[in-house]
1. If I compute solvent accessible area with a 1.4 Å probe over the protein chains, what percent of it on region 183-229 is carbon and sulfur?
2. Taking the simple approach of a point 7 Å from Cα along Cα-to-Cβ for both Ala208 and Thr22, what is their distance in nm?
3. Would you mind working out the accessible area per residue for region 47-113, using a 1.4 Å probe, and quoting it in Å²?
4. Test of the criteria: in region 157-218, which GluC sites (Glu not before Pro) are in a DSSP loop and have at most 10 other Cβ atoms within 10 angstrom of their Cβ?
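The values are calculated or read from the model by the stated rules, or taken from the named source; none is laboratory data. Being a predicted model, the structure only gives us computed values, none of them experimental. As a convention, Cβ positions derive from the backbone with ideal geometry for all residues, glycine included, and neighbour counts pool all protein chains shown. Heavy atoms of the whole protein, side chains included, go into the accessibility calculation; ligands, DNA and RNA do not. Shrake-Rupley method; radii C 1.70, N 1.55, O 1.52, S 1.80 Å.
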Amino acid sequence: MSLEMLNRPDVAQASLQGPLGTVPFYLFKTDVCFQIANDIFAGVTYPIIPLVSGVKTVVDVGANVGAASVYFATAYPEAQVYALEPGSSPLLLLRQNVEPLRKVKVFPFGLHSSEKTLSLFHGKNDCVESSLSCSARTSSESEQIRLVSASQFLSQQGIDKVDVLKIDTEGCEVPILRSLAHYLPEVKVLYVEYHSERDRRLIDRMLAETHVLWRGHVTFAYRGEFCYVKRDLVPDESETHTCEILMNPE
């Protein structure tokens, strides 16, 4: 990505090459945001699974500034992408970044097990670290955000099947997955973060019967991201693929 500064002092512009030619991508001028965007567009964070085809619906929960939504829209040009982001600051850039993409819909709220309004504490280093829980990674500044029932959202949008589901919600992953229990068996690829050992074990048990762990990245003992693939898409998991778990050297 080639960067050039915008008039806004905290935002940079990247130029991305894709099916639509060169398109601008706006991101916050932080090392964290740059690194996350680079890893996503390089296919490191959300690797495209060669066994998966016929993707028609992608749901990006916790879309932030839109790097994953743009990436998925490019990887699956026939798919409808639903991008959900409750944070007001990243939402502005998300809307701008997906504006050239006719098959990406943006929703200014997040998902949970039910409808609620909660405080979102802003991240100290970047909005990607914002969380519903105040921690060493967040500041004391917060805003009120709207969350809706994950299952009701899909029903209201007329979605009966999700092909690719990405959830990065800083600790809300388990309630969202529980709300989507009816949909999970048919999800072809699931990219999900976890933020505690308890959540990691719960997520693995929820998916054990229907999905194969394809890839993982353990950031710390209590934090990481996993990629699961629908079990019946993997002909023989022992020969087709060996699960790769990446560990941070820290």
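1. On the way: 1030 of 1940 Å².
In region 183-229, the share of accessible area belonging to carbon and sulfur is 53 percent.
2. With each label point 7 Å from Cα toward Cβ, the separation is 5.3 nm.
3. Working: 2450 Å² over 67 residues.
For region 47-113, the per-residue accessible area is 37 Å².
4. Numbers: sites: Glu170, Glu173, Glu186, Glu193, Glu197, Glu209; in loops: Glu170, Glu209.
Within region 157-218, the qualifying GluC sites (Glu not before Pro) (loop, at most 10 other Cβ atoms within 10 Å) are Glu209.
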